[in-house]
Amino acid sequence: MAPKKGGKITIKKFAIDYTVPLQDGLLNEGGAQFEQFLNERIKVDGKTGNLAGKVEVKREKNKIFVEAEMPFSKRYLKYLTKKFLKKMGLRDFLHVVASSK
(Lines give C-alpha, C1' and ligand atoms only; values in the text may rest on other atoms or scores of the structure.)
Protein backbone atom coordinates (compact mmCIF):
# COMPACT_ATOMS: atom_id res chain seq x y z
CA MET A 1 0.00 0.00 0.00
CA ALA A 2 1.36 3.39 -0.93
CA PRO A 3 1.21 6.19 1.63
CA LYS A 4 -1.40 8.88 1.08
CA LYS A 5 -0.13 12.15 -0.28
CA GLY A 6 -0.76 15.24 1.78
CA GLY A 7 -1.24 13.16 4.89
CA LYS A 8 -0.52 14.32 8.39
CA ILE A 9 3.16 14.11 9.31
CA THR A 10 3.67 12.43 12.65
CA ILE A 11 6.65 13.58 14.66
CA LYS A 12 8.05 11.14 17.19
CA LYS A 13 9.98 12.58 20.11
CA PHE A 14 12.42 10.67 22.30
CA ALA A 15 14.54 11.80 25.23
CA ILE A 16 17.73 10.13 26.44
CA ASP A 17 18.61 11.09 30.00
CA TYR A 18 22.26 10.61 30.97
CA THR A 19 22.27 12.47 34.30
CA VAL A 20 23.67 9.64 36.44
CA PRO A 21 26.67 8.73 34.22
CA LEU A 22 27.45 12.44 33.90
CA GLN A 23 27.43 12.93 37.67
CA ASP A 24 29.66 9.89 38.12
CA GLY A 25 32.14 11.36 35.62
CA LEU A 26 31.79 8.52 33.11
CA LEU A 27 30.82 10.72 30.15
CA ASN A 28 33.35 13.33 29.14
CA GLU A 29 32.50 16.66 27.53
CA GLY A 30 28.94 16.65 28.86
CA GLY A 31 27.56 14.22 26.31
CA ALA A 32 28.91 15.98 23.21
CA GLN A 33 30.54 12.74 22.05
CA PHE A 34 27.25 10.90 22.43
CA GLU A 35 25.38 13.55 20.44
CA GLN A 36 28.01 13.40 17.68
CA PHE A 37 27.83 9.58 17.67
CA LEU A 38 24.06 9.69 17.17
CA ASN A 39 24.38 12.24 14.36
CA GLU A 40 26.89 10.02 12.58
CA ARG A 41 25.15 6.66 13.09
CA ILE A 42 21.40 7.26 12.70
CA LYS A 43 20.25 5.80 9.40
CA VAL A 44 17.78 7.62 7.16
CA ASP A 45 16.73 5.85 3.96
CA GLY A 46 19.47 3.25 4.48
CA LYS A 47 22.35 5.76 4.73
CA THR A 48 24.22 6.74 7.88
CA GLY A 49 25.04 10.35 8.67
CA ASN A 50 22.30 11.56 6.30
CA LEU A 51 19.67 13.04 8.61
CA ALA A 52 18.21 15.03 5.69
CA GLY A 53 16.04 17.21 7.90
CA LYS A 54 13.91 14.21 8.86
CA VAL A 55 15.71 13.53 12.13
CA GLU A 56 16.91 16.17 14.56
CA VAL A 57 19.28 15.51 17.48
CA LYS A 58 19.55 18.21 20.17
CA ARG A 59 21.37 18.28 23.50
CA GLU A 60 20.08 20.27 26.46
CA LYS A 61 21.78 20.02 29.87
CA ASN A 62 21.60 16.32 30.81
CA LYS A 63 19.32 15.09 28.04
CA ILE A 64 19.52 14.40 24.33
CA PHE A 65 16.31 14.87 22.38
CA VAL A 66 15.67 13.04 19.11
CA GLU A 67 12.79 14.19 16.92
CA ALA A 68 11.90 12.20 13.82
CA GLU A 69 9.40 12.95 11.05
CA MET A 70 9.57 9.37 9.83
CA PRO A 71 9.00 5.90 11.27
CA PHE A 72 11.51 5.64 14.10
CA SER A 73 11.67 3.18 16.99
CA LYS A 74 12.74 3.49 20.58
CA ARG A 75 14.48 0.14 20.22
CA TYR A 76 16.79 1.60 17.54
CA LEU A 77 17.85 4.39 19.92
CA LYS A 78 18.46 1.82 22.63
CA TYR A 79 20.59 -0.20 20.19
CA LEU A 80 22.66 2.87 19.27
CA THR A 81 23.10 3.79 22.95
CA LYS A 82 24.40 0.31 23.74
CA LYS A 83 26.73 0.52 20.74
CA PHE A 84 28.12 3.86 22.02
CA LEU A 85 28.66 2.44 25.52
CA LYS A 86 30.51 -0.54 24.05
CA LYS A 87 32.71 1.77 21.97
CA MET A 88 33.59 3.85 25.05
CA GLY A 89 34.21 0.74 27.18
CA LEU A 90 31.33 1.51 29.56
CA ARG A 91 28.97 -1.30 28.57
CA ASP A 92 29.97 -3.43 31.58
CA PHE A 93 29.26 -0.61 34.05
CA LEU A 94 26.04 0.96 32.70
CA HIS A 95 22.66 -0.53 31.97
CA VAL A 96 20.27 1.06 29.46
CA VAL A 97 16.72 1.19 30.80
CA ALA A 98 13.59 2.57 29.14
CA SER A 99 11.63 4.79 31.51
CA SER A 100 8.32 3.91 29.83
CA LYS A 101 7.09 1.53 27.14
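Please list, ordered by first then second residue, the pairs with beta carbon atoms under 8 Å, 6 or more apart or interchain, first in the range 83-95 and in contact (Cβ under 8 Å) with a residue 24 or more places away in the chain, second open to solvent by 80 Å² or more (accessible area, probe 1.4 Å).
83/41
Does the range 14-58 hold any residues that are among the charged types (D, E, K, R) and without any contact (Cβ under 8 Å) to a residue 40 or more places away in the chain, and which are they?
Listed by number, the residues that qualify are 24, 29, 35, 40, 43, 45, 47, 54, 56, 58.
The values are calculated or read from the model by the stated rules, or taken from the named source; none is laboratory data. None of these values were measured; they are calculated from a predicted model. Ideal geometry is used to build each Cβ from the backbone, glycine not excepted, and the neighbour counts take in all protein chains shown. We work out accessible area using only protein heavy atoms, side chains counted, and drop any ligands, DNA or RNA first. Shrake-Rupley method; radii C 1.70, N 1.55, O 1.52, S 1.80 Å.
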